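Q: Below are the structure tokens for one structure; questions will follow.
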């Protein structure tokens, strides 16, 4: 069997790719002997990883490759600090890179500040690649102004150029990779997800304390300024006039840099919108089953393929998506596509009305969605896509399944650590900050910056002094 060095975060590393790899690895292990390389100090939550795979520190990969070369090396790169160690090794020892996002702008800014300890390298790279406009956006970003224009400057050129081959999950990302490097070996491999269980709606609503008669809309995943909540909530204002029992449930963590509560309050929808925060996999599946219509909207896009969307479709939920990036590739009838233009809110409202008034249509769309995921996005198809591309790139003989069954059955992702308890009523109140300083602090926290990131904090503090934000 071919030997693969597989470099990826796993849980509890804070990246959706942790879930992705833990679900893919037992299927990939049917075709190859896989050694999992992890960042120092990362202790996997999933006991099956240690039980069925050899695990090695990422810092040992170069030495291991010299002593007994692998038949392939696979690096997973996404727009998250969890991939910093992987990117550091991938630059020194080229392999196949699975690009989970085309836009890596936020990651490259974080990497310059925290790994290279020189944020000006990021500023200079933006100027060199993208000219004056790139330099301008870079200056805004390092001052904590995370503008939408950042998505126009992907900063993924170094990753594309460093790879021996590139795996993507959409034609959208593949085409952009080939624009940067036309000769690059690439493959579009389906993202595999386990087919969710079919949960009776009434039982799910009962477990979650939800009304059986309510019209329930729901959105899932990390909530931030790019999830199109503004047009969605405007549509709900009109829909509430027709359905007094309307509920909109937002399931997932909320970005500290996004004032979701304020937005809901300004729309007058406090009695309609419920924000759950992070929930367990069992609760996630219940909320999916309880929903009449799901909204999975986002713009701008980093080129990501959404595993949470595939889970909604796999559960048979009629779902609205933005017509952008990889989401525009979904076949007709599987989703309802919403253009991101002046009519966005009207189209959201029209789809919600149609799917609510025509339950047979909603059921048919859900059936098509589940069949699509069951056919196109199985974990076995994903594993086969990886192995076929690696075999072609590295010149392996024909690769066949060597193990009849997956190494283990993918388990539910472990719950996140519980939230910190509320502060004691006798605690000393925190000092009041200038709102602009507080906003910058929230952005830094969201990027994972802490007291160890001395170079970045010193740089930001100097700029704040220059701007008279602090004394």
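Q: Go through region 42-61 and give me each residue that's within 23 Å of the chain's Cα centre (by Cα) and free of Cβ contacts under 8 Å to residues at least 40 places away in the same chain.
A: Passing the criteria: 42, 43, 44, 49.
Q: Related question: Of the conditions (1) part of a loop (DSSP other than H, G, I, E, B); (2) closer than 30 Å to residue 106 by Cα, residue 313 fails just one. Which one is it?
A: Every condition holds for residue 313 apart from (1).
Q: Which one of the conditions (1) in a loop (DSSP other than H, G, I, E, B); (2) out of contact with any helix residue (DSSP H, G or I) (no Cβ under 6 Å at 6 or more places or on another chain); (3) over 28 Å from residue 112 (Cα atoms) does residue 182 fail to meet, given that it meets all the rest?
A: Tallying (1) in a loop (DSSP other than H, G, I, E, B); (2) out of contact with any helix residue (DSSP H, G or I) (no Cβ under 6 Å at 6 or more places or on another chain); (3) over 28 Å from residue 112 (Cα atoms), residue 182 fails exactly one: (3).
Q: Of the residues 103, 115, only one is under 27 Å from residue 21 (Cβ atoms) and under 21 Å from the mean Cα position of the chain (by Cα); which?
A: Exactly one residue qualifies, and that residue is 103.
Q: Select, from 291, 362, the only residue that is under 23 Å from the mean Cα position of the chain (by Cα), buried (at least 18 other Cβ atoms within 10 Å of the Cβ), in the same structural domain as residue 273 (by TED's automatic domain parsing) and under 19 Å from residue 204 (Cα atoms).
A: Exactly one of 291, 362 is under 23 Å from the mean Cα position of the chain (by Cα), buried (at least 18 other Cβ atoms within 10 Å of the Cβ), in the same structural domain as residue 273 (by TED's automatic domain parsing) and under 19 Å from residue 204 (Cα atoms), namely 291.
Q: Within region 189-212, how many residues turn out to be part of a loop (DSSP other than H, G, I, E, B) and surrounded by 15 or more Cβ atoms within 10 Å (Cβ to Cβ)?
A: 11
Q: Same structure again: Taking the options 215, 180, name whichever one is farther than 24 Å from residue 372 by Cα, surrounded by fewer than 21 Cβ atoms within 10 Å (Cβ to Cβ) and within 25 Å of the chain's Cα centre (by Cα).
A: Step by step, each of 215, 180 is checked, and only 180 is farther than 24 Å from residue 372 by Cα, surrounded by fewer than 21 Cβ atoms within 10 Å (Cβ to Cβ) and within 25 Å of the chain's Cα centre (by Cα).
Q: Moving on. Contact list please: Cβ distance under 6 Å, first residue in region 112-127 and surrounded by 14 or more Cβ atoms within 10 Å (Cβ to Cβ), second residue not in a helix (DSSP H, G or I), pairs at least six apart or on different chains.
A: 114/453
Q: Now, a different point. Would you mind listing the strands (runs of 3 or more DSSP E) fully within region 1-113 where at least 2 residues are at pLDDT below 95 and out of contact with any helix residue (DSSP H, G or I) (no Cβ under 9 Å at 6 or more places or on another chain)?
A: none
Q: Also, I was wondering about something else. Can residue 231 be described as in a loop (DSSP other than H, G, I, E, B), touching a helix residue (DSSP H, G or I) at 6+ places or on another chain (Cβ under 7 Å) and touching a residue at least 12 places away in the same chain (Cβ under 8 Å)?
A: Answer is no for this residue.
Q: Further, regarding this structure: So residue 343 ticks every box in (1) loosely packed, with under 12 Cβ neighbours inside 10 Å; (2) out of contact with any helix residue (DSSP H, G or I) (no Cβ under 8 Å at 6 or more places or on another chain); (3) at pLDDT below 95 but one. Which box is left unticked?
A: Only one criterion in (1) loosely packed, with under 12 Cβ neighbours inside 10 Å; (2) out of contact with any helix residue (DSSP H, G or I) (no Cβ under 8 Å at 6 or more places or on another chain); (3) at pLDDT below 95 is unmet by residue 343, namely (1).
Q: Name every residue in region 153-169 that is in a helix (DSSP H, G or I) and touching a residue at least 24 places away in the same chain (Cβ under 8 Å), in order of residue number.
A: 157, 158, 159, 160, 162
The values are calculated or read from the model by the stated rules, or taken from the named source; none is laboratory data. Owing to the predicted nature of the structure, the values given are computational and were not obtained by experimental measurement. All Cβ positions, even for glycine, are placed from backbone atoms using ideal geometry, and neighbour counts span all protein chains on display.
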